[in-house]
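Beneath this line is the structure, given in structure tokens, with notes to follow.
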Amino acid sequence: MNMPTDLQARVALLAQGFRTRLPARFEQINAAYALCRSDMAGRAHWQELYRLLHSLGGAAGTFGAAELGLAARRIEEKIKTQLAENDWTIENLDDIGADVAVLRHMALPVPAP
């Protein structure tokens with residue numbers, strides 16, 4: 001499928017914006033994770049971290065960083081499971097934290113499509 005040149009330019013501009021905003025996204029993700037660490041039972045903190053990862057996963061997939069998007073989705077699933085079970089332990093908290101650290105490492109820098 002061929003996209004008109006102006007549409008390609010718009011998509012490229014949006015993708016560049018995605019890459020430019022990654023550091024700020026990860027600041028938000030790290031801040032949300034820090035709140036989860038400080039209050040493991042605080043559902044609202046976990047729901048916010050889930051929302052941020054969900055947003056990152058969708059955007060990454062849209063803008064040519066499919067591997068990053070899939071990794072974000074895997075962390076989302078872990079959080080969803082923990083929210084359903086409501087059985088937080090330091091081990092699963094640390095596991096999610098390690099996954100977030102790997103995700104950040106994967107994300108910077110994200111190559112242009």
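Descriptive notes on the structure:
- Residue by residue, region 80-85 carries 3J(HN,Hα) couplings of 4, 4, 5, 4, 5, 7 Hz when phi is fed to the Karplus relation 6.51 cos²θ - 1.76 cosθ + 1.60 (θ = phi - 60°); x denotes Gly or Pro.
- Label-reachable residues, region 51-95, where backbone N falls under 19 Å from a point 7 Å from A31's Cα toward its Cβ: 51-57
- Label of the coordinate-derived value, Rg and Dmax of the Cα atoms in Å, listed as (i) 15.6, 52; (ii) 13.3, 40; (iii) 15.0, 52: (i)
- Whole-Å distance, taken between Cα centres, linking region 2-36 and region 55-113: 15 Å
- Rounded to the nearest 500, the 222 nm mean residue ellipticity of the chain from helices alone is -28500 deg cm²/dmol, with -39,500 (n - 2.57) taken per DSSP H run of at least 4 residues.
- N92-Q8 pseudo-label distance in nm [points 7 Å out on the Cα-to-Cβ vector]: 4.7 nm
- Our summary gives the chain a relative contact order of 29 percent, counting only alpha carbon pairs under 8 angstrom and 6 or more residues apart.
Read-outs: derived from the displayed coordinates by stated rules, not from any lab. Quick caveat: nothing in here was measured; it's all calculated off a predicted structure. Please note: Cβ atoms are built from the backbone with ideal geometry, for glycine as well, and neighbour counts cover all protein chains shown.
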